[in-house]
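Q: Structure in structure tokens, see below.
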Amino acid sequence: MSGQWTIDPAERAALHARSLADPDGFWLEQARRLDWITPPRTAGDWSFAEEDFHVRWFADGTLNVAANCLDRHLATRADQTAILWEPDDPAHAPRRLSYAELHAETCRFANVLKGLGAGKGDRITIYMPMIPEAAVALLACARIGAIHSVVFGGFSADALAGRMADCGSTLLITADEGRRGGKRVPLKTCADEAAQIYDGLKTILVVRATGAEVPMQPGRDVWYDEAVAGVAAECPAEPMAAEDPLFILYTSGSTGKPKGVLHSSAGYLLWAALTHQVVFDHRPPETYWCAADIGWVTGHSYIVYGPLANGATTLMFEGVPNWPTPSRIWEVVDRHQVSILYTAPTALRALMKEGDGPVRATSRASLRLLGSVGEPINPEAWRWYHDVVGEGRCPILDTWWQTETGGHMITPLPGMPLKPGSATLPFFGVEPRLLDGEGRTLTGEAEGNLVIARSWPGQMRGVWGDETRFFETYFRTFPGVYTTGDGARRDADGYYWITGRVDDVINVSGHRMGTAEVESALVLHESVAEAAVVGFPHDVKGQGIYAYVTLNAGVEASDALRRGLRDWVRHEIGPIATPDAIQFAPGLPKTRSGKIMRRILRKIAEGETGGLGDVSTLADPAVVEDLVANRVG
Ligand code: WT7
């Protein structure tokens, strides 16, 4: 590892080939990046076959994830900033926590959790704003061996309650309020509402963030600043088996309730650390900024675990890209001399709309690398990122991965030849394949279902509380491989181009939403008889949410009802699930066996009403004419 980049681009292919040819040798060597209590002697031990299905990595090793992110840096970089916090309001002061301070604060937090009775294997839900205490809470759980389940602060009380109930959390960590784009987010109020719905909740630990007055229920609610007074800043790190769960993160699928994706301790941490190091060519103490929220896997892997395992200075941003001005991101880059910026295409598209002025008004000379994540980046946004933001100087790292994969899977490495819109080539140890609808492997230039043909250390280990759902969701359709749910094209150079989801999952501003979830929320409304939800192309969000709603007999369609339904979904799930368009439909296109033909609904939502294909199998073809005539555009 010498030269301009962590991995010499000329060596990438050989290293990738070695990672596949000698996986044990490759991964045991990589495992030395971590600080083990007992170093592993075994690497991957897995089978995707139904009769012997299992996934284990480094199973005889033991370690503690928080110790890897904190303690091992104390000898070399105790005073280096670990977390650099930029507040929502640029008029407020940033905060810096050195590795020594983050270590001490994590220990104190861990001792508070222990004092509240929490320990190894307990599930602790975290519903926090983007403040350093959110990262501290994750690390404190990891330190005592508790399993954290972070719920994005934008989710509703209902969604929070459902996720707590699913994993049986008795302890919730939240804050009085959050701040975002100059507005307050009433987290504690939502937590109280969630406690009304889920009665298994015994304790709410409340971090004082804005100082707002919030009701505290004696016997249940505890202020963190009161609980931590006088608590020791030393807390031994619990030794954990490599395969012990580190966290649960709920994510939407094509059917049913969101599932609790379960990640391991060692394999996950190694994947987050290695990808963060190699893909972002990270060099401490430079400042690295992943502009995601800790509520998503991107925040877990690339704000907290990967960067801290690598001794980075990780910037945590409380705010939003376009407040108070559309220069905000670039001003933060200048203010903190950010070298590496990692953000989402949806943010870039929104900022692109403001023109080049707000970007050009800033320097950005510190930027070295630019990352993209969450959805396919359209070539236009790619070029703007590259030419305007990076002034042609910074490689664009379009990283394809998923909550389930723990970290980057198909991604460029810096220095490699790039193509705008392509996530390029697989990372070390990753063996992608394209399959046709019948499961046949496609070779050469092709387009099909993207699957991964072997296990990798960062792979999810299960669905919380549902032993069979992991296998059924990811290994049933195409036996022997991991099915991603994405489609992709491979070009003549072997580069991959992700085309988007091939299932009933939609990607709204880089956030994953199950159409079935939005439908369930809609039909809970007293006026709604039936609902069908599809995605449609949206110029900023990537995909928007289009809902077809059949009202109950006697209910009058109106704009007021349309607004009411939007508010209803916001309240049931959260603002990210708000439908962009609602079309009242007297009937939905169904086959004679009663199955809704989503293909037709998608076409109409996309405005492609000319090519609806064969509608003769519909129970009532006249329904389609009404849908086309009343399309909401
Ligand atoms: C889905 C996973 C990856 C962490 C954040 C989202 C889409 C993600 C890319 C990319 C094209 C992408 C896929 C994937 N996606 N990154 N670089 N190019 N598509 O995690 O919520 O689990 O969503 O996001 O469709 O399946 P997630």
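The values are calculated or read from the model by the stated rules, or taken from the named source; none is laboratory data. Note that the structure is predicted; figures quoted are calculated from it, not measured. Note that each Cβ is placed from the backbone with ideal geometry, even for glycine, and that neighbours are counted across all protein chains shown. These area figures cover heavy atoms from the full protein model, side chains too; ligands, DNA and RNA do not enter into them. Shrake-Rupley method; radii C 1.70, N 1.55, O 1.52, S 1.80 Å.
Q: Name every residue in segment 385-401 that is more than 15 Å from the ligand (Cβ to nearest atom), open to solvent by 10 Å² or more (accessible area, probe 1.4 Å) and assigned to a loop (DSSP other than H, G, I, E, B), in order of residue number.
A: E391, G392, R393
Q: Being touching a residue at least 24 places away in the same chain (Cβ under 8 Å) and on the phi > 0 side of the Ramachandran plot is the filter here; which residues of segment 328-374 pass it?
A: Answer for segment 328-374, where residues must be touching a residue at least 24 places away in the same chain (Cβ under 8 Å) and on the phi > 0 side of the Ramachandran plot: Q337, R364, G374.
Q: Looking for whichever is surrounded by fewer than 17 Cβ atoms within 10 Å (Cβ to Cβ) and of a type in the set (D, E) here; the options are E375, E380, E404. Which one fits?
A: Criteria check complete, one pass: E380.
Q: Would you be able to say whether some residue in segment 368-385 is over 22 Å from P426 (Cβ atoms) and touching a His at 6+ places or on another chain (Cβ under 9 Å)?
A: Taking every residue of segment 368-385 in turn, none turns out to be over 22 Å from P426 (Cβ atoms) and touching a His at 6+ places or on another chain (Cβ under 9 Å).
Q: Now a separate question. Pull out all pairs, ordered by first then second residue, where Cβ-Cβ is under 6 Å, the residues are six or more apart or on different chains, the first lies in segment 408-419 and is farther than 14 Å from A488 by Cβ and of a type in the set (A, V, I, L, M, F, W, C), and the second is within 13 Å of the ligand (Cβ to nearest atom) and not in a strand (DSSP E or B).
A: L418/P412
Q: Another question, if that's okay. Quick test for you: out of F475, F427, pick the one residue that is away from the ligand (no atom under 11 Å from the Cβ) and surrounded by 23 or more Cβ atoms within 10 Å (Cβ to Cβ).
A: F427
Q: Would it be correct to say that P258 is more than 15 Å from the ligand (Cβ to nearest atom) and open to solvent by 10 Å² or more (accessible area, probe 1.4 Å)?
A: On the way: more than 15 Å from the ligand (Cβ to nearest atom): no; open to solvent by 10 Å² or more (accessible area, probe 1.4 Å): yes.
When the stated conditions are applied, P258 does not pass them.
Q: If you don't mind, there's one more thing I want to ask. Do any residues in segment 30-47 that are under 22 Å from N310 (Cβ atoms) have Cβ atoms under 8 Å from those of residues that are aliphatic (A, V, I, L, M) and open to solvent by 40 Å² or more (accessible area, probe 1.4 Å), where the two are at least six apart or on different chains, and which pairs are they?
A: These pairs meet every condition: P40/L28; P40/A59; A43/L28.
Q: Right, here's the next one. Assess whether F470 counts as being open to solvent by less than 10 Å² (accessible area, probe 1.4 Å), farther than 30 Å from R349 by Cβ and not small (G, A, S). Break it down stepwise before answering.
A: Numbers: open to solvent by less than 10 Å² (accessible area, probe 1.4 Å): yes; farther than 30 Å from R349 by Cβ: yes; not small (G, A, S): yes.
Yes, satisfied.
Q: Which residue pairs have Cβ atoms under 8 Å apart, sit 6 or more places apart or on different chains, and have a first residue in segment 507-523 that is closer than 14 Å to Y546 by Cα and free of Cβ contacts under 8 Å to residues at least 40 places away in the same chain and a second that is more than 16 Å from the ligand (Cβ to nearest atom) and assigned to a strand (DSSP E or B)?
A: The qualifying pairs are E519/A531; E519/A532; E519/V533; E519/A547.
Q: Being open to solvent by 10 Å² or more (accessible area, probe 1.4 Å) and within 16 Å of the ligand (Cβ to nearest atom) is the filter here, so list the residues in segment 346-372 that pass it. Write out each step before concluding.
A: Just the residues of segment 346-372 that are open to solvent by 10 Å² or more (accessible area, probe 1.4 Å), to begin with: 346-347, 349-350, 352-358, 360-363, 365-366, 368.
Result: T346, A347, R349.
Q: Among (1) part of a loop (DSSP other than H, G, I, E, B); (2) more than 21 Å from T405 (Cα to Cα), which single condition is E51 missing?
A: Every condition holds for E51 apart from (1).
Q: Still on this model: Considering only segment 327-345, how many residues are among the charged types (D, E, K, R) and open to solvent by less than 20 Å² (accessible area, probe 1.4 Å)? Give the steps one after another, and end with the answer.
A: Quick first cut of segment 327-345, residues among the charged types (D, E, K, R) only: 328, 331, 334-335.
Narrowing further to those that are open to solvent by less than 20 Å² (accessible area, probe 1.4 Å): 328.
Matching residues across segment 327-345 total 1.
Q: Quick one: would you say P324 is of a type outside the set (F, W, Y), surrounded by fewer than 17 Cβ atoms within 10 Å (Cβ to Cβ), within 16 Å of the ligand (Cβ to nearest atom) and touching a residue at least 24 places away in the same chain (Cβ under 8 Å)?
A: So P324 fails the test.
Q: Among the numbered criteria (1) over 27 Å from F280 (Cβ atoms); (2) touching a residue at least 12 places away in the same chain (Cβ under 8 Å); (3) assigned to a loop (DSSP other than H, G, I, E, B), which one does H92 miss?
A: Against the list (1) over 27 Å from F280 (Cβ atoms); (2) touching a residue at least 12 places away in the same chain (Cβ under 8 Å); (3) assigned to a loop (DSSP other than H, G, I, E, B), H92 comes up short only on (2).
Q: Restricting attention to segment 478-506, which residues are more than 11 Å from the ligand (Cβ to nearest atom), of a type outside the set (D, E), buried (at least 18 other Cβ atoms within 10 Å of the Cβ) and in contact (Cβ under 8 Å) with a residue 60 or more places away in the chain? Break it down into steps so the answer makes sense when it comes.
A: First, the residues of segment 478-506 that are more than 11 Å from the ligand (Cβ to nearest atom): 478-482, 489-495, 504.
Remaining after also requiring of a type outside the set (D, E): 478-482, 489-490, 492, 494-495.
Still in the running and buried (at least 18 other Cβ atoms within 10 Å of the Cβ): 478, 481-482, 490, 495.
Residues satisfying the conditions are V481, Y482, Y495.
Q: When the residues of segment 95-133 are filtered to those that are within 27 Å of G181 (Cβ to Cβ) and part of a strand (DSSP E or B), which remaining residue is most open to solvent (accessible area, probe 1.4 Å)?
A: Once the filter is applied, the top-ranked residue is R96.
Q: So, of the residues in segment 147-197 that are polar (S, T, N, Q) and surrounded by 19 or more Cβ atoms within 10 Å (Cβ to Cβ), which turns out to be nearest to V569 (Cα to Cα)? Break it down stepwise before answering.
A: Step one: of segment 147-197, the residues polar (S, T, N, Q) are 149, 156, 169-170, 174, 189, 196.
Now drop any that are not surrounded by 19 or more Cβ atoms within 10 Å (Cβ to Cβ), which leaves 149, 156, 169, 174.
Working: S149: 23, S156: 10, S169: 25, T174: 23 Å.
Applying the filter and picking the extreme gives S156.
Q: Now for a different question. Can you find, within segment 359-384, the residue that is farthest from S422 (Cα to Cα) among those that are in a helix (DSSP H, G or I) and touching a Leu at 6+ places or on another chain (Cβ under 7 Å)? Walk me through it before giving the result.
A: So the first thing to find is which residues in segment 359-384 are in a helix (DSSP H, G or I), and the list is 359-360, 379-384.
Next, from what is left, pick out any that are touching a Leu at 6+ places or on another chain (Cβ under 7 Å): 381, 384.
Numbers: A381: 12, W384: 15 Å.
Only one residue fits best here, namely W384.
Q: Applying the selection to segment 524-554, what residues are surrounded by fewer than 16 Cβ atoms within 10 Å (Cβ to Cβ) and within 20 Å of V623 (Cα to Cα)?
A: Answer for segment 524-554, where residues must be surrounded by fewer than 16 Cβ atoms within 10 Å (Cβ to Cβ) and within 20 Å of V623 (Cα to Cα): A529, N552, A553, G554.
Q: State yes or no: is W85 in contact (Cβ under 8 Å) with a residue 60 or more places away in the chain, open to solvent by 10 Å² or more (accessible area, probe 1.4 Å) and among the hydrophobic types (A, V, I, L, M, F, W, C)? Steps first, answer last, please.
A: Details: in contact (Cβ under 8 Å) with a residue 60 or more places away in the chain: yes; open to solvent by 10 Å² or more (accessible area, probe 1.4 Å): yes; among the hydrophobic types (A, V, I, L, M, F, W, C): yes.
Yes, satisfied.
Q: Give the residue that is farthest from the ligand (Cβ to nearest atom), with candidates limited to residues of segment 373-383 that are over 21 Å from G319 (Cα atoms) and aliphatic (A, V, I, L, M).
A: For segment 373-383, the residue satisfying everything is A381.
Q: Here's something else I'd like to know. Identify all residues within segment 231-259 that are modelled with pLDDT of 95 or more, more than 17 Å from M164 (Cβ to Cβ) and not charged (D, E, K, R); write none if there are none.
A: Result: V231, A232, A233, C235, P236, A237, P239, M240, A241, A242, L246.
Q: Taking R143 and the conditions (1) open to solvent by 10 Å² or more (accessible area, probe 1.4 Å); (2) part of a helix (DSSP H, G or I); (3) closer than 24 Å to W296 by Cα, which numbered condition does it fall short on, given that it satisfies the others?
A: Status for R143: all satisfied but (1).
Q: Mind checking which residues of segment 198-211 are among the hydrophobic types (A, V, I, L, M, F, W, C) and open to solvent by 10 Å² or more (accessible area, probe 1.4 Å)?
A: L201, A209
Q: Got at least one residue in segment 432-446 being more than 16 Å from L369 (Cα to Cα), surrounded by fewer than 22 Cβ atoms within 10 Å (Cβ to Cβ) and near the ligand (Cβ under 9 Å from one of its atoms)?
A: Checked against the condition, which is being more than 16 Å from L369 (Cα to Cα), surrounded by fewer than 22 Cβ atoms within 10 Å (Cβ to Cβ) and near the ligand (Cβ under 9 Å from one of its atoms), segment 432-446 yields no hits at all.
For (1) assigned to a loop (DSSP other than H, G, I, E, B); (2) out of contact with any helix residue (DSSP H, G or I) (no Cβ under 8 Å at 6 or more places or on another chain); (3) under 23 Å from E101 (Cβ atoms), each residue gets a yes or a no:
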position	(1), (2), (3)
I303	no, no, yes
N322	yes, no, no
R335	no, yes, yes
R349	no, no, no
E354	yes, yes, no
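Q: Another question about this same structure. Can you tell me how many residues within segment 262-316 are surrounded by fewer than 24 Cβ atoms within 10 Å (Cβ to Cβ), closer than 29 Å to D60 by Cβ and within 16 Å of the ligand (Cβ to nearest atom)?
A: The total comes to 1.
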